[in-house]
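First up is the structure itself, then whatever we jot down about it.
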């Protein structure tokens, strides 16, 4: 039996070595090369002395805002979903848009937010002048939040759905107000769902790049944009990899921060 | 144990199928040779009817593939594997390709139609004596704008007009470090090939002062925005401007007088070529007066073919916005290959400018 379980691991170990460890190793290796392929630490020095540090902070800030608003919308949505009669159907309807290609959805927003688009038509109905909504911080965060909502809702929905409703009744019976019940019972019991939701939103949000150009008109610069530029335009794979190393480190840190605890909630 | 064997077998089968598919794909993409010619060109950069015509005249089957940046094209040619017989890079990339020994020399004896090309476009610094490349199209970088939506005094004869307070939140820039930095340098009277760090610094500061006016820095997406009157002023390539003006007659185009970029896209035969004879036939075909005229009519960029210009509408070829006369071209500069290190510096400054935008 023991042999059998170990042998079963082999294909997976092979997979991990080839597609997880090797790419990360290559990125780390390339980050130590300069344009001529010589070993150097200059890329790291460059990262700390130039605009990249500010860029990291902006990326972080926008990813935070996106995650925050996504959570703000998703948690109540998931909560009400669990209360509906045909919850699986409703959940399905929310998930369906995520089947559509990301780029296609982004292009659709160019039309929706455009001067002659439906949003401006509505603004005009209320008697205001049409304004260009595209290429603003607002449009960027709006579209990003829209894209991430389904990914945040699913884990929270599952956590809420698995929760035993008698715990809520118990809390209410024992005199807890609705808010206290939420704060002391519901939220702590679904925190794992929230954490995985944050992970699947925050981490990709850090390296968004196509939307920064199409919707934010390159006025929002994230680390993802910088990596694309370094690889495709400047052809400086070393610097591109260095930025990628920092992106990996940040992601690792955010994983640690939101890691699921094995022990039960605090007493 | 049985399921484990099943899993292993299915993984092996999938790997085998993928491997087989790769071999098949490789074979088809490198299926160069006598009867086949693989052309690697920019998107929307040829009249498809001409490909059919060439196939009928010569009996050669053309495989047509497109790229969207010089760098992407360069990477694929460098890697080999695909049998590109013709590619159409811009001048600074041709320099790089010659340096890296990626191009075959072109036999001028096989190109009788070469005499159609205006001598102005031959023997340029990036390829002396046209040993490796033959002109295809050329153009400039300038400002396309909608005169109805901006004050009358803004004609964009000078880059200065982009800084006009009346253009708050109205200016679109092209997402390219060479183009935007070049514009900054030109607006200060410096060369757009400057290697001087102080000049680049100054240009970046100058660009940063454009902050309030810049609406967005985007790529080809600007074309529909200009056509639908969603955007008012855009710094872009001449041919792209011609496309926009074709769809939206309100628009106008100007190349500021302090100087701007003059670019050339030339046909080359990369070292990946399998059908060198066919490649020469194709180049000669594209140089034919009627063919070049039809192509210029379709694509909208400026042709270097003087025999073709005689066949084109008088109105088109005398339009100084797209065919600036020689004395106006003196202010225009061709991009030099600055080397990767300098390109990196341009990129860093461009990034700094983008990050300063609010």
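What the table shows:
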{"quantity": "Failed condition for residue B:241, given (1) at pLDDT below 95; (2) surrounded by fewer than 21 Cβ atoms within 10 Å (Cβ to Cβ); (3) in a helix (DSSP H, G or I)", "calculated": "(2)"}
{"quantity": "Residue check, residue A:42 within 13 Å of another protein chain (Cβ to nearest Cβ), more than 24 Å from the chain's Cα centre (by Cα) and on the phi < 0 side of the Ramachandran plot", "calculated": "yes"}
{"quantity": "Which listed residue, of A:53, A:35, A:103, is under 30 Å from residue B:347 (Cβ atoms), in contact (Cβ under 8 Å) with a residue 12 or more places away in the chain, surrounded by fewer than 15 Cβ atoms within 10 Å (Cβ to Cβ) and within 14 Å of another protein chain (Cβ to nearest Cβ)", "calculated": "A:103"}
{"quantity": "Residue satisfying condition, being under 25 Å from residue A:35 (Cα atoms), touching a helix residue (DSSP H, G or I) at 6+ places or on another chain (Cβ under 7 Å) and at pLDDT 90 or above, within set B:353, B:282", "calculated": "B:353"}
{"quantity": "Segments classed as helices (runs of 4 or more DSSP H), wholly inside region A:175-267, with at least 2 members that are within 14 Å of chain B (Cβ to nearest Cβ) and out of contact with any helix residue (DSSP H, G or I) (no Cβ under 6 Å at 6 or more places or on another chain)", "calculated": "A:210-214, A:223-232"}
{"quantity": "Where residue A:194 falls short, out of the listed (1) out of contact with any strand residue (DSSP E or B) (no Cβ under 6 Å at 6 or more places or on another chain); (2) buried (at least 22 other Cβ atoms within 10 Å of the Cβ); (3) within 24 Å of residue A:142 (Cα to Cα)", "calculated": "(2)"}
{"quantity": "Test: residue in region A:62-76 that is part of a helix (DSSP H, G or I) and within 14 Å of chain B (Cβ to nearest Cβ)", "calculated": "yes"}
{"quantity": "Region A:111-139, residues that are within 11 Å of chain B (Cβ to nearest Cβ) and in a helix (DSSP H, G or I)", "calculated": "A:111, A:113, A:120, A:137, A:139"}
{"quantity": "Given (1) without any contact (Cβ under 8 Å) to a residue 24 or more places away in the chain; (2) within 14 Å of chain B (Cβ to nearest Cβ); (3) not in a helix (DSSP H, G or I), index of the condition residue A:108 fails", "calculated": "(3)"}
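Residue by residue, here is whether (1) modelled with pLDDT under 95; (2) under 25 Å from residue B:241 (Cα atoms); (3) within 14 Å of chain A (Cβ to nearest Cβ) holds:
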position	(1), (2), (3)
B:275	yes, no, no
B:301	yes, yes, no
B:330	yes, yes, no
B:349	yes, no, yes
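The values are calculated or read from the model by the stated rules, or taken from the named source; none is laboratory data. Quick caveat, the model's predicted, so the values are computed rather than measured. Virtual Cβ from ideal backbone geometry, glycine too; neighbours counted across all protein chains shown.
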